[in-house]
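The values are calculated or read from the model by the stated rules, or taken from the named source; none is laboratory data. Since the model is a prediction, treat every value here as computed from it, not as a measurement. Neighbour counts run over all protein chains shown; Cβ positions are idealised from the backbone, glycine included.
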C-alpha cells in the first residue's frame, strides 16, 4: 500500500511545489514507485514535471468530479521518472461544483484507493490556502510534510497550519499526523535563519527533518525547462539535498 503525504503550508512561496516535484524525483532515483498529485489550479507541479498543462485530455478536475479515474488521467514524467495526476485552471471550478456532491471532502481519497497498490509513495501538492481542495488532500493523506523558510513570518503561519491539521485529525481523518518540518531555501549566512532553525528544533524535536534544503539557483532554474531540479543538475547542492531528503523519508516511514 502506498504512503500518501500532503506537502502543505498555508503561506505561499515557501517551496511547496519545488519540494513535491524534487522529492518525487529523488524518491524515483531511489527506486521508489511515485505518483505526484497536483491539487493546485495553477498547475506548477505539472509544468515542473515536464507535462503540458494546456493539452490535458483528463486531469485532477475530472478525477475530483468522478468523470475520469486516476489510471486514465495520470501521465508519465519522463524527466523525473514518476507518474503525475496533472492539473490546470479548470480545477479552480471544482471547488464550487463539489459543494453539492456527496462525500465532498473524500473525493480524492476514494479516487486514490483504486491505484493504491501501484505505488510506494503518493505526494500531493496542495494550494496555499485552506480550501476544499486542500481539505481533500488532508483527508486522503497519512501525514503532512511542511516545508518552511527559517524566517519570522513562517513561524507565525505555522501555528495556524498545526491547528488546521489538528481539526482535520479530530473531525475527518484520524490517521492524519505531521510527518515532519522541512527547512527550505536555507541560507546559513543569515543569523535569523540559524535562530529560527534552532527554535524549530527546540519546539518540534524529531519532527524536524535532519535534511536541510539550501537556497540554490539550479533548483530555481529547473522548472523553466520542465525538468525536476534533481534531474536538471544532479550534482548541485539542492539536488543532492532532495535525494538525501528522499532517503530520510524512506527511513522515517519504516518507523511509522
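Taking region 206-224 as the range and being touching a helix residue (DSSP H, G or I) at 6+ places or on another chain (Cβ under 6 Å) and either within 20 Å of residue 51 (Cβ to Cβ) or in contact (Cβ under 8 Å) with a residue 60 or more places away in the chain (or both) as the test, the residues that pass are 213, 219, 222, 223. Residues in region 189-220 that are out of contact with any strand residue (DSSP E or B) (no Cβ under 8 Å at 6 or more places or on another chain) and in a loop (DSSP other than H, G, I, E, B) were compared, and the one that is modelled with the highest pLDDT is 216.
Does region 123-144 include one or more residues that are exposed (fewer than 14 other Cβ atoms within 10 Å of the Cβ) and in contact with a helix residue (DSSP H, G or I) (Cβ under 7 Å, 6 or more places away or on another chain)? No, every residue in region 123-144 fails to be exposed (fewer than 14 other Cβ atoms within 10 Å of the Cβ) and in contact with a helix residue (DSSP H, G or I) (Cβ under 7 Å, 6 or more places away or on another chain).
Annotation note: Cβ proximity below 6 Å between a residue of region 150-174 that is touching a residue at least 24 places away in the same chain (Cβ under 8 Å) and a residue that is buried (at least 16 other Cβ atoms within 10 Å of the Cβ) and in a helix (DSSP H, G or I) (sequence gap 6+ or interchain) occurs for 150/193; 150/196; 150/197; 168/138; 172/105; 172/139; 173/139.
Can you name the condition, by its number, that residue 28 falls short on among (1) buried (at least 19 other Cβ atoms within 10 Å of the Cβ); (2) at pLDDT below 95? Among (1) buried (at least 19 other Cβ atoms within 10 Å of the Cβ); (2) at pLDDT below 95, the lone unmet condition for residue 28 is (2).
Please state which of the following conditions residue 54 fails to meet, knowing it meets all the rest: (1) part of a helix (DSSP H, G or I); (2) farther than 18 Å from residue 115 by Cβ; (3) at pLDDT 95 or above. That leaves (3) as the condition not met.
Tell me whether region 221-233 contains one or more residues that are farther than 30 Å from residue 78 by Cβ and either touching a strand residue (DSSP E or B) at 6+ places or on another chain (Cβ under 9 Å) or surrounded by 21 or more Cβ atoms within 10 Å (Cβ to Cβ) (or both). No. Does residue 154 count as farther than 17 Å from residue 69 by Cα, surrounded by 19 or more Cβ atoms within 10 Å (Cβ to Cβ) and modelled with pLDDT under 90? Here the answer is yes, as residue 154 does meet what is asked.
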